[in-house]
Amino acid sequence: EYLKFMREKLNYPKKVELLFRGSENKFKVASFHEKCDNIPDTFTLVKTEFGKIIGGFSQYTWNAANQAYLSHNSKKTFLLSFDLMQKMIPLSESNLIYCHPSYGPTFGSHDLYLSDSCHENNSSFGNFPKCYNWEGEEKYTNNQNSYKAWSGATENGKFKIVEYEVFRVVYEW
């Protein structure tokens, strides 16, 4: 069911290739950037300590040297909640992703942010919804209930990561 949901929301790619797995790379941000920077069309899949499975897609490339928010009028990014089976889309063309040498994948104004050694600390968080919200009619508001629905977090949206993976999404052979 989750795989079908992901393939549909990713517009049925030809294949996905694993670029990075947190547990195999000691959850180090430097390893994430080494393996994932400058590669377009990536999908980040996250399992939080609360058992929530969330993720994000970016057509744009991660770049540790950039240290900036990426804004673009095509808005080719989104977030997914597998537990809620919902797609969250950008609310504007600003702050789609954030690139920083000390940060793992970061979507929006920390709607989804993965810290260094995110399996050992609760510095990762989901400030959701800030720049992204559900594509349906009802919208989430930025409060403790939305944090819990999004990531399972019960304290200010912060959580530890059990595992995360970053995939290259391939649309053509």
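What residue, among those in the stretch 135-170 that are open to solvent by 70 Å² or more (accessible area, probe 1.4 Å) and in a strand (DSSP E or B), is farthest from G22 (Cα to Cα)? Filtering the stretch 135-170 for residues that are open to solvent by 70 Å² or more (accessible area, probe 1.4 Å) and in a strand (DSSP E or B), the one farthest from G22 (Cα to Cα) comes out as K158.
Taking every residue in the stretch 54-73 that is small (G, A, S) and pairing it with any residue that is surrounded by 14 or more Cβ atoms within 10 Å (Cβ to Cβ) and in a loop (DSSP other than H, G, I, E, B), at least 6 positions away or on another chain, the pairs with Cβ-Cβ distances below 6 Å are S71/S94. Checking the stated criteria, E1 turns out not to satisfy the condition of being modelled with pLDDT under 95, in contact with a His (Cβ under 8 Å, 6 or more places away or on another chain) and not aromatic (F, W, Y). Kindly indicate whether any position in the stretch 51-59 is surrounded by 15 or more Cβ atoms within 10 Å (Cβ to Cβ), touching a Gly at 6+ places or on another chain (Cβ under 6 Å) and among the basic types (K, R). Yes, because at least one residue in the stretch 51-59 is surrounded by 15 or more Cβ atoms within 10 Å (Cβ to Cβ), touching a Gly at 6+ places or on another chain (Cβ under 6 Å) and among the basic types (K, R).
Of all residues in the stretch 1-29, those that are within 20 Å of S81 (Cβ to Cβ) have Cβ atoms under 9 Å from Cβ atoms of residues that are surrounded by fewer than 18 Cβ atoms within 10 Å (Cβ to Cβ) and among the polar types (S, T, N, Q), 6 or more apart or on another chain, in G22/S31. Picking from residues in the stretch 11-27 that are modelled with pLDDT of 95 or more and of a type in the set (K, R), the one that is nearest to the chain's Cα centre (by Cα) is R21. No other residue among T106, T42 is buried (at least 18 other Cβ atoms within 10 Å of the Cβ) and free of Cβ contacts under 8 Å to residues at least 12 places away in the same chain apart from T106.
Anything in the stretch 113-165 that is polar (S, T, N, Q), modelled with pLDDT of 85 or more and at positive phi? List them, or say none. Selection gives S117 alone.
The values are calculated or read from the model by the stated rules, or taken from the named source; none is laboratory data. From a predicted model like this one, the values you see are computed outputs, not experimental measurements. Glycine gets a Cβ as well: all are built from the backbone with ideal geometry, and neighbour counts include every protein chain shown. For the accessible areas, the whole protein counts, side chains as well, though only heavy atoms, and no ligand, DNA or RNA atoms are used. Shrake-Rupley method; radii C 1.70, N 1.55, O 1.52, S 1.80 Å.
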